[in-house]
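Scroll down for the structure; my scribbles are underneath it.
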Amino acid sequence: MNQAGAGSVEDGKGTVRVVQLYPRDMNIYGDWGNALVLKRRLSWHGYTPELLEYNVGDPFPDDVDIILGGGGQDSGQLVIQDDLQSRGGALKDLAEDGVPMLVICGLYQLFGKFFKTRTGAVIPGIGVLDVETHGTDERLIGNVKVSTPEFGEVLGYENHSGQTTLGSGVRPLGTTPKGMGNNSTDGHEGARYRNIVASYLHGSLLPKNPAIADFLIRTAAERKYGTFLPGHPDDHYAELAREHAARRPR
Ligand code: GLN
């Protein structure tokens, strides 16, 4: 039996490869922190984390276990659009195959059908998610609280002018008692499809929401090794961050 305490690092359960999409162009408001949380929590759970970056023009890594994508300015989305299109088929196959993914804001939009920006430019998405996004003159900014059926209360920060509507092929991540989320009208935030969690929330998201980090890790481990053997994560700082975030006004 394992006698290790909370926050102890174990190993020996195998490698989990995390690929961050376009961190050079799509990584704002601390999205990088999502990769760091996965790295640390994988170690706490006894898996060996392997963090890889994929940027425009790189060869796409093999044996991907978890995919992360961050947010970006419209200009960053324009920079990556062609490369993302060229990888769209492979990403769709991985999604359909059950690879766990977390896509935030700008890449959430581009995992959908399209993002029509405020200036009328249409940035095509890769259609993994049945959502579409329209730029507006309204910027949705501030702290957000999301009630979710799967992860309890999810906390984060949004800043976007694109507003997303969900098609029937996805379900919302949750509803927003505080903040806006997908758009300023329907009270929904994010999208869920297969093992993809898509969200507008930066902050970073995972340090304050370890339940989502553990969902990604559990799903990756079960896919790769047939089972997930949890370790001893230390949630102390996550709890402090959640208390702090929950107190913040909009
Ligand atoms: N450029 C997009 C928008 O404003 C995404 C912004 C973001 O990723 N924070 O809607």
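Listed here are the residues, each with its yes/no results for (1) within 14 Å of the ligand (Cβ to nearest atom); (2) surrounded by fewer than 20 Cβ atoms within 10 Å (Cβ to Cβ); (3) in a helix (DSSP H, G or I); (4) among the hydrophobic types (A, V, I, L, M, F, W, C).
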residue: Ile80; (1), (2), (3), (4): yes, no, yes, yes
residue: Arg87; (1), (2), (3), (4): no, yes, yes, no
residue: Asp93; (1), (2), (3), (4): no, yes, yes, no
residue: Gly98; (1), (2), (3), (4): no, yes, no, no
residue: Arg118; (1), (2), (3), (4): yes, yes, no, no
residue: Glu150; (1), (2), (3), (4): no, yes, no, no
residue: Gly156; (1), (2), (3), (4): yes, no, no, no
residue: Ser161; (1), (2), (3), (4): yes, yes, no, no
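Yes/no matrix, rows are residues, columns are (1) away from the ligand (no atom under 16 Å from the Cβ); (2) out of contact with any Lys or Arg (no Cβ under 7 Å at 6 or more places or on another chain); (3) of a type outside the set (S, T, N, Q):
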position: Trp32; (1), (2), (3): no, yes, yes
position: Ser43; (1), (2), (3): yes, yes, no
position: Val56; (1), (2), (3): yes, yes, yes
position: Gly71; (1), (2), (3): no, yes, yes
Listed residues Ile67, Ile141; which is assigned to a strand (DSSP E or B), closer than 17 Å to Asp31 by Cα and away from the ligand (no atom under 15 Å from the Cβ)?
-> Ile67
Exception for Tyr22 within (1) at pLDDT 95 or above; (2) surrounded by fewer than 21 Cβ atoms within 10 Å (Cβ to Cβ); (3) over 16 Å from Pro100 (Cβ atoms) falls at (2)
Reported set for segment 121-138 where residues are in a strand (DSSP E or B) and under 18 Å from Asp186 (Cβ atoms) is Val131, Glu132, Thr133, His134, Gly135, Thr136, Glu138
Restricting attention to segment 127-138, which residues are within 16 Å of the ligand (Cβ to nearest atom) and either free of Cβ contacts under 8 Å to residues at least 60 places away in the same chain or open to solvent by less than 10 Å² (accessible area, probe 1.4 Å) (or both)?
-> Leu129, Val131, Glu132, Thr133, His134, Thr136, Asp137, Glu138
Segment 155-172 residues that are of a type in the set (D, E, K, R), paired with ones that are within 9 Å of the ligand (Cβ to nearest atom) (beta carbon under 8 Å, 6 or more apart) | Glu158/Cys105; Glu158/Leu140; Glu158/Tyr200; Glu158/His202
Does Ile66 satisfy the criteria of being of a type in the set (Val, Ile, Thr), buried (at least 23 other Cβ atoms within 10 Å of the Cβ) and out of contact with any Pro (no Cβ under 8 Å at 6 or more places or on another chain)?
-> no
From Arg218, Arg171, Arg192, grab the single residue that is out of contact with any Gly (no Cβ under 6 Å at 6 or more places or on another chain), of a type outside the set (A, V, I, L, M, F, W, C), open to solvent by less than 40 Å² (accessible area, probe 1.4 Å) and under 30 Å from Tyr47 (Cβ atoms).
-> Arg192
Evaluate segment 197-204: report whether one residue or more is within 15 Å of Gly33 (Cα to Cα), surrounded by 15 or more Cβ atoms within 10 Å (Cβ to Cβ), out of contact with any Phe, Trp or Tyr (no Cβ under 9 Å at 6 or more places or on another chain) and touching a residue at least 12 places away in the same chain (Cβ under 8 Å).
-> no
Flag for Asn183 being assigned to a loop (DSSP other than H, G, I, E, B) and either surrounded by 23 or more Cβ atoms within 10 Å (Cβ to Cβ) or within 16 Å of the ligand (Cβ to nearest atom) (or both) | yes
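The values are calculated or read from the model by the stated rules, or taken from the named source; none is laboratory data. Please read all numbers here as calculations on a predicted model, not as lab measurements. Ideal geometry is used to build each Cβ from the backbone, glycine not excepted, and the neighbour counts take in all protein chains shown. All accessible areas refer to the heavy atoms of the entire protein, side chains included, with ligands and DNA or RNA removed. Shrake-Rupley method; radii C 1.70, N 1.55, O 1.52, S 1.80 Å.
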